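*Asks:* Once you've had a glance at the structure underneath, I'll fire off some questions.
The values are calculated or read from the model by the stated rules, or taken from the named source; none is laboratory data. Worth saying up front: this structure is predicted, and the values here are computed from it rather than measured. Note: ideal-geometry Cβ built from the backbone for every residue, glycine included; neighbour counts use all protein chains shown. Calculation scope for accessible area: heavy atoms of the full protein, side chains included, ligands and nucleic acids excluded. Shrake-Rupley method; radii C 1.70, N 1.55, O 1.52, S 1.80 Å.
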Amino acid sequence: ARKIFGKFRRVSDIAMSNTASLSFTVDCMRVAGEVDFASVVALERDGEAWLRGSAPVYCRVNFSAVSHCNSAGTALLLSWRRTAAAVGKVLAIEQAPQSLEALIHPRGLDDALPATPTTDSRAGRAGE
């Protein structure tokens, strides 16, 4: 096979992770690992199933265990927010990684993807 994309021989050899996972508590969906184009389809499917099923009206998605997130994560959040709205639920975002915040803010998606303040940020505002 000839070399394309540097050291990779086939497009399928390009390193994209499939190491992201979801875990659930009563009111929170926790994303862990690398959120990218390889992992986003499974995350979207499993998250939507939770949102359509057992998620309460007010639920959260927590990104504190995400090690990497590219633009696929933005699309994932928009999809989950649309699903939540379609079934009458509110999905709040917690502890978005800086890589995701860097994608959200410049594109004017702050209103579409509002974050929920973390405990630390609320404590810092107590004197205001």
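*Asks:* Determine the per residue accessible area of segment 39-100 with all protein chains present and a 1.4 angstrom probe, expressed in square angstrom.
*Replies:* On a per-residue basis, 44 Å².
*Asks:* Let me ask something else about it. Report the label-to-label distance for Phe24 and Ala38 in nanometres (one decimal), using points 7 Å from each Cα along the Cα→Cβ vector.
*Replies:* For Phe24 paired with Ala38, the spin-label model returns 2.6 nm.
*Asks:* Now for a different question. What residues from segment 24-60 fall in the zone where the backbone N is under 13 Å from a label point 7 Å along the Cα-to-C-beta line of Val87?
*Replies:* From segment 24-60, the list is 27-29, 44-60.
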